[in-house]
Amino acid sequence: MNFDFSDDQKQLRDQARKFLAEKCSPKAVRVVLDGKAPYDKELWKGLAEMGFLGVAIPEEFGGAGAGHLELCVIAEEMGRANAPVPFSSTVYLAAEALLIAGSDAQKKKWLPAVASGEAIGTLALFEGKGNPSPKNIKLAASGGTLTGVKKPVADGAIADFAVVAARTGSGGRDGDISLFLVDLKDGGVEVKNLTNLDPTRGQAELTFNNTKAEPLGAAGEGWSILSQVLDRAAVLCAFEQVGGSDRALEMGRDYALDRIAFGRPIGSFQAVKHMLADMYVSATLARSNSYYGAWALSTNASELPEAAAAARISATQAFQHCAKNNIQVHGGMGFTWEFDCHMYYRRANAMALGLGSLSYWEDQLIDRMRKKNAA
């Protein structure tokens, strides 16, 4: 079985890498990091023009109709560039939820707008601390309206629409959760920006007060749909993390070859060699698991739940490891604002929590493997 990408997909990767190298340099990322703009609007527009936002959206809904393998390719390059745009919240979460559960009318309204860059979407799942669980969802739905608070919501302050998880039953069971679609520009939602680790990817608190909402999917099927969305997003985010891991490794390697100490490059010292070798091993292991996840995602294989969890775990560990050790290789300079190391360190730790903690996904992998073995 060949898990490598096709020649066409590799060409797409080269195209995306070239585009992002020109439009999303570290200097461009710092404009968002240091400034007041919540994201890079010109880059977002360029991604839409290149067809990257709609790569996995069917042609009938304004997308390229390519598929999830192509989206994995794009995701990796977005991670390498540390792109300051709402790509994951819009494409991996909101768009995937619409593709899985949306009606034709909902798809026709929002998916073409996502593909063209006219609409930013998000998933409003969390309600404070805690991992994804039906028991943690308190926001209530009644009579076509929503009441409650969601936080943190990725890119919630700039989103045009949100997929919202709400409680429609009396308990905390899977069947008590339903999904709703909310047009955030219609009013009825109070938005508050939150301070977070990575300012290039905003987080917000959304307060719903009898806010009008339309069902997304069947009543009581919300948690089942969310589980599918999170598994898909886990694979796609893993590719972003792999891209970030590789870039952090390259930054550390290049600095180790250029930095001279005691008359020789620091990369010639055994301790630095070991550090870089460990980074390479963790990044390569993450890539292997992510490729397996990409296969499962693209074929809708029964192994997707296990593959997604494995990809999420290994890619999270690799990105955090490589981003941290990149700082260590750079020494004291690596801790300064002027060097770019901290931008990847911020993104690595922010992404580690975006879909639930590392321990949550470790528990998910164990539970899923147990159930599969017992079947």
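The values are calculated or read from the model by the stated rules, or taken from the named source; none is laboratory data. Just so we're clear, the structure is a prediction, and the values are computed from it rather than from any experiment. A quick note on method: Cβ atoms are made from the backbone with ideal geometry, for glycine too, and the neighbour counts reach across all protein chains shown. Accessible surface is based on the protein model in full, side chains and every heavy atom, while ligands, DNA and RNA are left aside. Shrake-Rupley method; radii C 1.70, N 1.55, O 1.52, S 1.80 Å.
Please give the Cα centre distance for the range 257-334 versus the range 1-29, rounded to the nearest Å. Using only Cα atoms, the two centres lie 18 Å from each other. Under 17 Å Cα-Cα from residue 23, which lysines qualify once same-chain neighbours fewer than 8 residues away are excluded? Result set, ordered by chain and number: 41, 45.
Normalised Debye scattering of the range 19-160 at q = 0.19 Å⁻¹ gives log10 I(q)/I(0) of -1.18, counting only Cα atoms as equal scatterers and leaving out solvent. The mean accessible area for residues of the range 214-344, using a 1.4 Å probe and ignoring ligands and nucleic acids, is 41 Å² per residue.
Dividing the mean sequence gap of close Cα pairs (under 8 Å, 6+ apart) by how many residues the range 51-125 holds gives a relative contact order of 37 percent. Only protein heavy atoms count here; under a 1.4 Å probe, residue 295 has an accessible surface of about 70 Å². When 369, 351 are compared by accessible surface with a 1.4 Å probe, the order from highest to lowest is 369, 351.
What does the C-alpha gyration tensor say about the overall shape of the range 171-304? Classify as rounded when a/c is under 1.5, otherwise prolate if a/b is larger than b/c, or oblate. The partial results should precede the final answer.
Details: a/c = 4.18, a/b = 1.95, b/c = 2.15.
In terms of gyration-tensor shape, oblate.
Whole-percent P(r), the range 1-96, all Cα pairs, 10 Å bins from 0: 15, 48, 29, 7, 1. Ordered from largest to smallest accessible area (heavy atoms of protein chains, 1.4 Å probe), the residues 155, 363 come out as 363, 155.
With a 1.4 Å probe and all protein chains left in place, how much of the accessible area of the chain comes from carbon and sulfur atoms, in whole percent? Write out the running numbers ahead of the final one.
Details: 8550 of 16570 Å².
Carbon with sulfur: 52 percent of the solvent-accessible area.
Note on the chain: GNM, Cα springs under 10 Å; of 333, 251, 279, the largest mean-square fluctuation is that of 333.
At an R0 of 45 angstrom, the distance between the Cβ atoms of residue 300 and residue 260 translates into a FRET efficiency of 0.30.
With every protein chain in place and a 1.4 angstrom probe, the accessible-area ranking of 303, 76, largest first, reads 303, 76.
Would you be so kind as to identify all helices of the chain, as entire DSSP H runs, whose Cα atoms reach 27 Å or more along the helix's own axis and whose mean Kyte-Doolittle hydropathy is at least 0.0? It would help to have the intermediate numbers written out before the result.
Values: long enough: 222-258 (53 Å, 0.12); 270-299 (44 Å, 0.08); 304-330 (38 Å, -0.08).
The answer, listed by residue number, is 222-258, 270-299.
For the chain, the alpha carbon positions stretch 74, 52, 40 Å along the principal axes, listed from largest to smallest. The distance from the alpha carbon centre of the range 118-152 to that of the range 342-367 is 20 Å, rounded to a whole number.
Please compute the contact order of the chain in relative form: average sequence separation of alpha-carbon pairs under 8 Å and at least six residues apart, divided by the residue count, as a percent.
Numbers: 719 pairs, mean separation 57.4, N = 375.
Across the chain, relative contact order equals 15 percent.
Model label points for residue 372 and residue 34, set 7 angstrom from Cα along the Cα-to-Cβ axis, are 4.7 nm apart.
Computed extension length for residue 214-residue 359: 48.9 nm, one decimal, from 0.36 nm per residue of separation with the Cα-Cα distance subtracted.
Quickly estimate the mean residue ellipticity at 222 nm for the chain, helices only: each DSSP H run with n ≥ 4 gives -39500 (n - 2.57), and the total goes over all residues, rounded to 500. Before the final figure, lay out each step's value.
On the way: 11 runs with 193 residues, N = 375.
Per the formula, -17500 deg cm²/dmol.
Estimate the FRET efficiency between residue 170 and residue 7 by the formula 1/(1 + (r/R0)^6), using the beta-carbon distance for r and 45 Å for R0, to the nearest 0.05. List each step's numbers first, then the result.
Details: r = 55 Å, r/R0 = 1.22.
That pair, residue 170 with residue 7, gives E of 0.25.
Once C-alpha pairs closer than 8 Å and six or more residues apart are averaged by separation and normalised to the residue number of the range 3-160, the relative contact order reads 21 percent.
Within the range 153-210, all pairs of alpha-carbon atoms sorted by distance into 5 Å bins from zero give the percentages 4, 17, 24, 19, 16, 13, 5, 1. Bridging of residue 10 to aspartates and glutamates at a Cα separation below 17 Å is possible for 70, 76, 77, 240, 246, once same-chain residues fewer than 8 apart are set aside.
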